[in-house]
Amino acid sequence: MSSYHRVLSVVDSSDGASHVIRRAALMARLCGATLAVASVADAPPGGDDSIHSRLAFIGEATRRAEKLAGKAGASDFEVLISERDRHALSAVVGSWLPDLVVVSASDPRGLTGWLDSLRGGSSSIDVLKVEPEGPGIGRRMANALAGLF
């Protein structure tokens, strides 16, 4: 395994976000790496585009990312916020220079679409796609055996 120094978890506000952050925090802890959580500031379509309104959405996205990271058990992390735009998200990720980016394998909102734009960069970034959290091995075995009796 590579020795990672900067692990970035890119999440939205979906139910699987805590699991993605939990996996990123584990990787960061195992490697002694710095952890950051990146999220987007979602403004409602057709809403107020004033700087005051945009700052409010950024503040809300920051609090949401901090809450998700706390729920996932992460204690020492940075928060990066971008507006919902592939170019903006790529710029945020690129400026932080992660070695490893952790994203959800099932991304209903399309946050991972910007990954292609990172591949052309000069630095090497590994990507870990995390499967949604499901029942543990014990529960899966119990369910499988229940049909036999």
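Each reported figure results from applying straightforward, stated rules to the coordinates on display, with no laboratory input. What you see is a predicted model, and the numbers here were worked out from it, not measured in a lab. For neighbour counting, all protein chains shown are included, and Cβ atoms are generated from backbone atoms with ideal geometry for every residue, glycine included.
Sort V127, V40 so that the residue with the fewest other Cβ atoms within 10 Å of its own Cβ comes first and the one with the most comes last. Don't skip to the end; give the middle numbers.
Working: V127 14, V40 25.
Fewest-to-most ranking of V127, V40: V127, V40.
Between S124 and D76, what length comes free when the chain is fully extended (0.36 nm per residue of separation minus the Cα-Cα distance, one decimal in nm)? Intermediate results must be reported in sequence, preceding the final value.
On the way: separation 48, 0.36 × 48 = 17.28 nm, distance 2.44 nm.
Contour length minus Cα-Cα distance gives 14.8 nm.
All other residues with a Cβ under 11 Å from the Cβ of R64 taken together, and with Lys, Arg as +1 and Asp, Glu as -1, what is their net charge?
Working: positive: R63, K67, K71; negative: D12, D42, E60, E66.
Overall, the nearby charge balance is -1.
Take the Cβ-Cβ distance between S106 and S50 as r, set R0 to 25 Å, and report the resulting FRET efficiency rounded to the nearest 0.05.
Details: r = 35 Å, r/R0 = 1.39.
After rounding to 0.05, the efficiency reads 0.10.
Give me the number: length gained by fully extending S95 to L26, i.e. 0.36 nm times residue separation minus the C-alpha to C-alpha distance, one decimal in nm.
Extending this stretch completely gives an extra 22.6 nm.
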